[in-house]
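The next block holds one structure in the form of structure tokens; read it before the comments.
The values are calculated or read from the model by the stated rules, or taken from the named source; none is laboratory data. Being a predicted model, the structure only gives us computed values, none of them experimental. Reconstructed Cβ throughout: ideal geometry from the backbone, glycine too, with neighbour counts over all protein chains shown. Accessible surface areas use protein heavy atoms only, side chains included; no ligands, DNA or RNA. Shrake-Rupley method; radii C 1.70, N 1.55, O 1.52, S 1.80 Å.
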Amino acid sequence: INTIQVITKQNKINTENNYIFRTIPSIDFVANSLSQYTIKTNPKTRIAMCSDVQAVDNESFRNQFTIALYANKGKFIDDVKCNFSDPDLNPSAVISQAIKAGADSLLLAPHVDRINKAIELAKANQGQLKLLGSPSLYTSQTLEFGKGYVNGMVLAVPWYPGAIPGNSFPSNAAKLWGGSVNWRTATAYDATQAIITGLEKSNSTREGLQKVLSSNWFSVNGATGNIQFLPSGDRVGEGFLVQVKPTTQPGNYQFIPLK
């Protein structure tokens, strides 16, 4: 029996299953936004990459970033082998190898359970390579433990609280949860909104809901903006860029949007 799945993760899905929808922008668009920014700020950039072969979503981000990098005439340093799921990963050796290979930037795409390893790499880097990050690093853990070592790092994210001017969701969520929320909470909210609206406009069956969500007229406003789906089930939309910067309080850091 087919079931409706509205997914809030950036992972590979069975594209032949028309009962799967995602409330985040396609990982292609998110990765491409970071690639375009990188090439625009430094057309001759040479990027080494660290990803996680056991995390399908971050491997997918790495692959899409590589494709976008080549499309934007960037240079990927393939000589650097860096896998976050490797128990013998040596951060200092990776940084030395990347610099020796001629890299000027380092992309970090860890699984959320191995963010600590990305922070260890940032510490070993000591500001030598420009740091870039996947959406998995958009978390308070990165700021709390990375501190000055991740200062200046640019991340591609599906959403951030100030992404949509006048949107009441961030403030309402902060009141409810006692603090700011990230894109995971926002896209989960959007998944719920999409299902609720879809059921209201259908005959309340799985088949009816699928038909409504996949129609070209379906649209609903959510926490991350207008929700519409492509025929593939992917969300219509693009990613955003944020950068780690110091706050007014010494020793504290925050994510701020890059315009």
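Give me the number: length gained by fully extending residue 171 to residue 86, i.e. 0.36 nm times residue separation minus the C-alpha to C-alpha distance, one decimal in nm.
Extending this stretch completely gives an extra 26.6 nm.
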If unit charges are put on Cβ atoms (+1 for Lys and Arg, -1 for Asp and Glu) and the dipole of the stretch 83-232 is taken about its Cα centre, the option from 150, 83, 224 lying farthest towards the positive end turns out to be 224
Counting only protein heavy atoms and leaving out ligands, DNA and RNA, the solvent-accessible surface of residue 76 at a 1.4 Å probe, in Å² to the nearest 10, equals 20 Å²
In whole Hz, the Karplus estimates of ³J(HN,Hα) for the stretch 208-224 (6.51, -1.76, 1.60; θ = phi - 60°; x where Gly or Pro) are x, 5, 4, 5, 5, 4, 8, 6, 6, 9, 5, 7, 8, 7, x, 5, 9
Shape descriptors of the stretch 178-253 over alpha-carbon atoms, Rg and Dmax in angstrom, are 16.9, 56
Taking a probe of 1.4 Å and leaving out DNA, RNA and ligands, the stretch 155-253 shows per residue an accessible area in Å² of 52 Å²
Normalised per residue, the volume inside the convex hull of the alpha-carbon atoms of the chain in Å³ amounts to 141 Å³
Heads up, the stretch 45-85 by the C-alpha gyration tensor (a ≥ b ≥ c square roots of eigenvalues; a/c under 1.5 rounded, else a/b over b/c prolate, else oblate) looks oblate
Plugging the Cβ-Cβ distance of residue 18 and residue 144 into 1/(1 + (r/R0)^6) at R0 = 51 Å yields, to the nearest 0.05, a FRET efficiency of 0.80
Comparing 238, 144, 59 in a Gaussian network model of the chain (Cα, 10 Å), the one with the largest mean-square fluctuation is 144
Expected max-MSF residue from 188, 174, 48 in the GNM of the chain (alpha carbon, under 10 Å) is 174
Rounded to the nearest 10, the angle in degrees between the Cα long axis of helix 27-41 and the longest principal axis of the Cα atoms of the chain comes to 40 degrees
The alpha-carbon center of the stretch 185-213 and that of the stretch 124-184 are separated, in whole Å, by 28 Å
In whole percent, the fraction of accessible protein surface over the chain that belongs to carbon or sulfur atoms, probe radius 1.4 Å, stands at 49 percent
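If you stretched the chain out fully between residue 36 and residue 73, how much longer would it get, using 0.36 nm times the residue separation minus the C-alpha to C-alpha distance?
12.4 nm
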